[in-house]
Every structure is written in C-alpha cells, then in structure tokens.
Amino acid sequence: MSNDFNFNAAPQQTATPANEFGWDSEFDFDDPDEYIILPPGEYDYEVRSFQRSHYDGGVAKDGHTIPPCPVAKIQIGIKSDGGDVVINDSFFVNPGNTKKMSGFFQSVGLAKAGSKVKMSWWSDELVGMTGRAKINNRKYNDKTYNNVSHYIAKKE
C-alpha cells in the first residue's frame, strides 16, 4: 500500500451538504472578539451538550482540597435580545458538591427537594432539557464572562 499523495491534483468537485463547509467555501466574517455579556439576572436555558471528564485532584482557589473525581461538563444556551449565548458549566461529581448538583437537577425537573437525587448525567433526555438559572458576570484575565451563579428549582 502506497502513502504517496498527489498534492498537485485538481480538487474533486463534490456536492457539500448545507450543514457543512467544503474546503473552498466562503462565509461571512463573524468577529471572534464579539461576545454577548448578559446583564446579571434570571434566564431560561436549554441544555445544549454534556461531556464526561475527570479531575485529578488539587487545591481550589479558596484553599480547600478537591479530591480526584468525575467532572460533568455542560453547555447551556440562553436566547437573548443580542443573540444566542452559550455558557459552559462544570460539576465536580463528589459529596462536597451536592448543593450545586441538586440545584441543577431540580432546575431541569429531575429532582425534588427532600428526596434522593438519582444523577442522570448520561440520560439521553438531558440534552434539550430546559430550566432557569441566575446568571452573573465574572472577570478572569481582564475579560468578563457569563457565569451561572446558581440554578433555580423548576416550579411544579
């Protein structure tokens, strides 16, 4: 089997589906520095994605130790007057973080106050679920970012 490639060959013309670019496609410039900062407040959101990760353990900014543990990474989408906003959030899946996880699962309707919480991170239904969150702004390296302050329990 040969690994020779002819880099001078004429490109093959094939139909490109509407949801992807071809190698020579054109697109409208989208300013990478344009980032919508939401005013602090409560917003409806939709879970856009979920990803599993792992944390090797270490010391948090406030000085407490976080043991090695799984990490759930989600993206939530918020529709604003300025356009769609995506916010990344992470959950250390350990006994020291049950308040944040409980709030999230209550927010999307997968938990009720006073009951056991069955973590449904891998649920096929999680992506697309909706809830409400309080959003604030945080500064990091002289830039301002949207931040989930806390999740708001879904009204029954």
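Applying the criteria of a DSSP loop state and at most 12 other Cβ atoms within 10 Å to the trypsin sites (Lys or Arg not before Pro) of region 48-106 yields LYS61. Model label sites at ASN94 and LYS118, defined 7 Å from Cα along the beta-carbon direction, differ in position by 2.7 nm. Per residue, region 48-156 exposes an accessible area of 65 Å² to a 1.4 Å probe, with every protein chain left in place.
Is there a pair in LYS61/LYS100; LYS79/LYS112; LYS100/LYS154 whose C-alpha atoms are over 21 Å apart, and which pairs would that be? Pairs exceeding the cut-off: LYS79/LYS112. For chymotrypsin sites (Phe, Trp or Tyr not before Pro), the sites in region 27-114 that DSSP calls loop and that have at most 15 other Cβ atoms within 10 Å are PHE27, PHE29, TYR35. What GluC sites (Glu not before Pro) in region 40-147 are in a loop by DSSP, with at most 15 other Cβ atoms within 10 Å of the Cβ? Of the GluC sites (Glu not before Pro), the ones in loops of region 40-147 whose Cβ has at most 15 other Cβ atoms within 10 Å are GLU125. Note that region 78-94 has calculated 3J(HN,Hα) couplings of 10, 8, 10, 4, x, x, 6, 10, 10, 10, 8, 9, 10, 10, 6, 8, 8 Hz, one per residue in order, obtained from phi through the Karplus relation 6.51 cos²θ - 1.76 cosθ + 1.60 (θ = phi - 60°); glycine and proline are x.
The values are calculated or read from the model by the stated rules, or taken from the named source; none is laboratory data. Quick caveat, the model's predicted, so the values are computed rather than measured. Glycine also receives a Cβ, built like all others from the backbone with ideal geometry; neighbour counts cover every protein chain displayed. All accessible areas refer to the heavy atoms of the entire protein, side chains included, with ligands and DNA or RNA removed. Shrake-Rupley method; radii C 1.70, N 1.55, O 1.52, S 1.80 Å.
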